[in-house]
Amino acid sequence: MQATQNKELSNVRLLIYFIVSLMFNCLGNALTVALNLGSALWTAAAVNISDVTPVSLSMMLFIFGVLIIITNVILLNKIDVKRIIGNFIFMVPFSTLVGAFSPLLINVGITSLPLFLRVVLDCMGVVFISVAISIYQRINWMLHPADDLMQIVRFKFFKGNSSLAQLVVFMPPIIAIIVSYALTHQIYAINIGTVFALLFQGGLVGVFDKIVFPDLKHRNLE
């Protein structure tokens with residue numbers, strides 16, 4: 001009876017952690033979207049590729065998600081239906097909340113702040129995203145496909161090194177942006193926030209693994 005109760009308490013705490021991580025992720029992404037000082041690399045790649053194709057940004061983001069899920073299946077060498085369903089489920093509240101938070105932040109006037117403060121807030125958005133990734137990767141219930149890919153690469157190839165794994169996972173969107181630029185000689189959605197994410201997001205995830213909910217360890221890595 002006591003063991004069951006402890007397990008239930010543990011699941012409740014994991015649920016709270018997961019909700020906290022989702023809110024951090026949505027707020028961080030909403031900040032970067034509202035401030036328009038550089039999107040995350042996968043989003044920036046989708047923006048640039050959609051510019052050279054007839055495919056809308058929303059559909060391109062969905063296509064990217066599907067392609068990443070296929071990549072994850074190849075890397076794991078198995079079709080994990082539960083994992084794939086979790087990837088799709090995660091994207092629904094994520095996209096909904098980001099869409100809700102962004103106009104709210106614009107309405108409170110953050111886009112009218114001095115440039116220095118906007119840059120600081122944009123970098124804080126990346127920090128919030130890193131906190132979120134750290135938490136929900138450790139819980140490992142359901143992940144955004146790109147974060148799932150980062151987790152797979154991190155522990156399959158780099159012995160848990162989040163910085164190296166994040167850099168490797170960022171290579172495909174960087175290549176997509178380069179190809180788009182070669183075709184159009186224009187580049188979109190790249191700014192200080194994108195550079196900050198490229199340089200620091202992976203390392204920040206590793207740091208937050210140790211200092212945010214330090215009792216929460218990586219689960220279900222097999």
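The values are calculated or read from the model by the stated rules, or taken from the named source; none is laboratory data. None of the values given here were measured: they were computed from a predicted structure. Cβ coordinates were reconstructed from backbone atoms using ideal geometry, including for glycine residues, and neighbour counts include every protein chain displayed. Side chains included, ligands, DNA and RNA excluded: accessible areas come from the protein's heavy atoms. Shrake-Rupley method; radii C 1.70, N 1.55, O 1.52, S 1.80 Å.
At-a-glance table
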{"read-out": "Selection status of THR43, closer than 17 Å to SER21 by Cα and at pLDDT below 85", "value": "no"}
{"read-out": "Among (1) closer than 22 Å to VAL108 by Cβ; (2) crowded, with 22+ Cβ neighbours inside 10 Å; (3) not β-branched (Val, Ile, Thr), the one test that MET23 misses", "value": "(2)"}
{"read-out": "Matching entry among ARG138, ARG83 (being under 16 Å from the mean Cα position of the chain (by Cα) and at pLDDT below 95)", "value": "ARG138"}
{"read-out": "All positions within segment 46-64 that are polar (S, T, N, Q) and open to solvent by less than 60 Å² (accessible area, probe 1.4 Å)", "value": "ASN48, SER50, THR53"}
{"read-out": "Matching residues in segment 126-164 - criterion: being under 16 Å from PHE196 (Cα atoms) and of a type in the set (Gly, Ala, Ser)", "value": "SER130, SER162, SER163"}
{"read-out": "Pairs where the first residue, in segment 156-168, is in contact (Cβ under 8 Å) with a residue 40 or more places away in the chain and the second is open to solvent by 60 Å² or more (accessible area, probe 1.4 Å) and among the aromatic types (Phe, Trp, Tyr), C-beta under 9 Å, 6+ apart", "value": "SER163/PHE200"}
{"read-out": "Failed item in (1) in contact with a Pro (Cβ under 9 Å, 6 or more places away or on another chain); (2) farther than 15 Å from ALA197 by Cβ; (3) modelled with pLDDT of 85 or more, with ALA34 passing the rest", "value": "(3)"}
{"read-out": "Helices (runs of 4 or more DSSP H) fully within segment 108-222 counting 1 or more residues that are open to solvent by 50 Å² or more (accessible area, probe 1.4 Å) and over 25 Å from LYS82 (Cβ atoms)", "value": "115-139, 162-184, 192-211"}
{"read-out": "Which listed residue is within 18 Å of ILE175 (Cα to Cα), touching a residue at least 40 places away in the same chain (Cβ under 8 Å) and in a helix (DSSP H, G or I), from ASN72, ASN48, ASN87", "value": "ASN48"}
{"read-out": "Segment 26-45: number of residues that are open to solvent by less than 50 Å² (accessible area, probe 1.4 Å), of a type outside the set (Val, Ile, Thr), within 19 Å of PRO103 (Cβ to Cβ) and not in a loop (DSSP other than H, G, I, E, B)", "value": "7"}
{"read-out": "Residues that are farther than 23 Å from ALA132 by Cβ and in contact (Cβ under 8 Å) with a residue 24 or more places away in the chain, drawn from segment 180-222", "value": "SER180, TYR181, LEU183, THR184, GLN186, ILE187, TYR188"}
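So that you can scan it fast, the table gives a plain yes or no per residue for (1) touching a helix residue (DSSP H, G or I) at 6+ places or on another chain (Cβ under 6 Å); (2) among the hydrophobic types (A, V, I, L, M, F, W, C):
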| site | (1), (2) |
| --- | --- |
| ASN77 | no, no |
| ASP80 | no, no |
| GLY86 | no, no |
| PHE90 | no, yes |
| PHE94 | no, yes |
| SER102 | yes, no |
| LEU105 | yes, yes |
| VAL108 | no, yes |
| LEU113 | no, yes |
